[in-house]
Structure formats: C-alpha cells, structure tokens
1. What does the charge count around residue 25 come to, taking other residues whose C-beta lies under 15 Å from its C-beta (Lys +1, Arg +1, Asp -1, Glu -1)?
2. Among 233, 212, which comes first, second and so on when ranked by fewest other beta-carbon atoms within 10 Å?
3. Counting Lys +1, Arg +1, Asp -1, Glu -1, what net charge surrounds residue 153 among other residues with beta carbon under 11 Å of its beta carbon?
4. Of the candidates 70, 232, 41, which one comes out as most mobile in a Gaussian network treatment of the chain with C-alpha springs shorter than 10 Å?
5. Students often get this wrong, so try it: which of [x] 127; [y] 197; [z] 112 is volume of the Cα convex hull per residue in Å³ as calculated from the structure shown?
6. Quick one: order 39, 177 by neighbouring beta-carbon count within 10 Å, fewest to most.
7. Which of the peptides 103-112, 5-14 is most tightly packed, and how do the rest follow, judged by the mean count of other Cβ atoms within 10 Å per residue?
8. Check the straight Cα-Cα distances from residue 227 and name the lysines below 24 Å, setting aside those fewer than 8 residues away within the same chain.
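FYI, it's all coordinate maths here, none of it is from the lab. Just so we're clear, the structure is a prediction, and the values are computed from it rather than from any experiment. When we count neighbours, we look across all protein chains shown, and the Cβ atoms used for this are built from the backbone with ideal geometry, even at glycine.
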Amino acid sequence: MSIFDTMEKRHHVYEYHKKNIPDEIVKDLLWKAWKISPSKHNFMPYKVSVIGPNKQAEKYKMWLRCRANHKHMEELGPKLPRDDLSVNPYNEKPEEYTFHTNPAYNHVRYNSHLLIFSARICKPNGYMKHVIRKEGHYAEQCEKNEVANLRVASSCEATLFAANLTALCIEQGIDISYNLCFPGKKDRWKDMPYLWYDKEKEEARVFVVMSLGYGKYFRHQWLKDNKKGIGHLDLKPEVDEVVEWV
C-alpha cells in the first residue's frame with residue numbers, strides 16, 4: 001500500500017472503542033516515529049508526554065482546557081474587528097450565540113493514549129558541543145529564554161513527528177486525531193508539571209495534542225447524521241488555493 005493510500009484512511013475520531021492499545025505497541029510506534037523524524041542539528045526541541053489508559057484525570061484536564069479555550073475565543077470573537085461582517089453575523093448580534101461543547105474534542109477526553117507535544121530545553125550531542133565550544137555557535141534550543149522565539153520551528157518539528165506517527169499508526173489499524181484548541185499562554189499549565197520546560201516558573205508551551213485508539217464513530221459520519229443538507233459542504237479549499245507555483 002502506498003503512503004498516499006495509507007494516509008487517506010485517516011479520519012477525525014468523535015468516539016473511540018473502549019479497547020485500549022497495548023503499551024508495548026505504542027512504545028514501538030513512538031520509537032519508529034522518533035527514528036525517522038528529522039530535526040535541525042538533531043536537537044528535537046520538544047517532548048511527547050504519553051498519557052495512557054490509566055490516567056483519565058490527566059486527559060480530563062486537557063479536555064477542560066480545550067473546552068475553555070474554545071468558549072473564550074467564541075466569546076471574544078464578536079468583540080474583535082472583522083474585515084467582512086458577512087463572514088460572522090454574530091459580530092453584530094452576539095446575544096444570538098449560544099456556546100455548545102464541540103463534540104470534536106471528545107477524542108481528547110476518551111481515548112487509549114493521549115500525546116501532548118510541548119517545548120523542552122535541549123542538551124547538545126557530542127558534535128554540537130564541539131561546534132558550540134570551538135566554533136562559537138549559539139544553540140537557541142538549549143536556552144529557556146529562547147523557547148518563545150523557537151515556537152514556530154519547534155512546533156513544525158513536533159508536527160513532523162506527529163505526521164510520521166500517524167502513518168505508522170494507520171498501518172497498524174490504529175486511528176488518530178489531533179487538537180490545536182488549547183491555551184497559548186505559557187502560565188496556564190500549573191497543574192500539569194510534566195509539560196513544564198521551566199520548572200521554577202512552572203511554564204509550558206504546548207504545540208499539538210494527539211489521541212490514539214480504535215475509532216468507532218468519525219467526524220464525517222457525525223456530519224452526515226447531524227448536519228443534513230450542509231454536511232457535504234465541509235470541504236477543503238481547492239489545491240490551487242493552497243499550492244501556488246511562483
């Protein structure tokens with residue numbers, strides 16, 4: 001099977017089966033993803049916190065943050081200026097909006113394994129130690145005060161790992177889903193110390209959340225069941241809108 005055929009099988013999960021993936025399988029998939037994921041100077045300035053089947057309270061904390069962040073943005077949205085009011089009529093009538101928990105977040109709360117990708121402070125390998133000491137290279141990945149500046153690069157690398165892991169999971173009949181709706185502020189993770197890159201200040205930078213499990217009910221099915229008449233309109237932009245030849 002080609003990589004295209006493999007990746008085309010991915011669908012966003014609304015509900016996983018209660019059957020859990022054995023930890024040993026997850027460990028093997030994570031090792032393979034680590035092995036094939038590229039990183040500038042081999043620093044890998046992120047960590048993957050694995051929350052297994054017996055850590056439901058930690059998954060609930062993450063789900064609460066996703067829900068709260070969504071609610072915050074929905075309440076904030078009408079107060080922000082818009083280039084085109086027709087895109088968001090609630091900008092003129094915020095009282096007509098009622099918040100509902102997005103079922104797309106269910107996969108964060110109920111899954112076999114939840115992975116949280118966040119920033120970490122790196123240690124240089126032997127080669128980079130030589131480059132730093134003998135050639136004067138400045139390794140931002142080793143400095144706490146550079147985490148914010150490296151946010152784009154680090155999140156890009158983390159998602160390369162997540163993408164590789166996705167393909168490996170699908171090959172094994174394991175479904176995955178992503179979530180990017182969570183607080184961006186580094187001080188919003190006080191009760192999740194395993195995410196901290198700065199233990200003194202209790203600060204974290206989260207890049208992406210990824211769930212693993214055996215899918216039971218998917219977003220495309222939910223759209224068909226609950227959004228009759230408009231679900232079929234949920235399409236990607238055309239390739240020419242995304243890919244531009246210069």
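1. Values: positive: 19, 27, 32; negative: 23, 24, 28, 171, 175.
Charge balance near residue 25 sits at -2.
2. Values: 233 8, 212 27.
Exposure proxy ranking, most exposed first: 233, 212.
3. Numbers: positive: 40, 151; negative: 140, 146, 157.
With Lys, Arg at +1 and Asp, Glu at -1, the net is -1.
4. 232
5. Here the calculated entry is [y].
6. On the way: 39 18, 177 25.
The order, fewest Cβ neighbours first, is 39, 177.
7. On the way: 103-112: 21.1, 5-14: 15.1.
Highest-to-lowest ranking by the protection proxy: 103-112, 5-14.
8. 9, 71, 93, 216, 236
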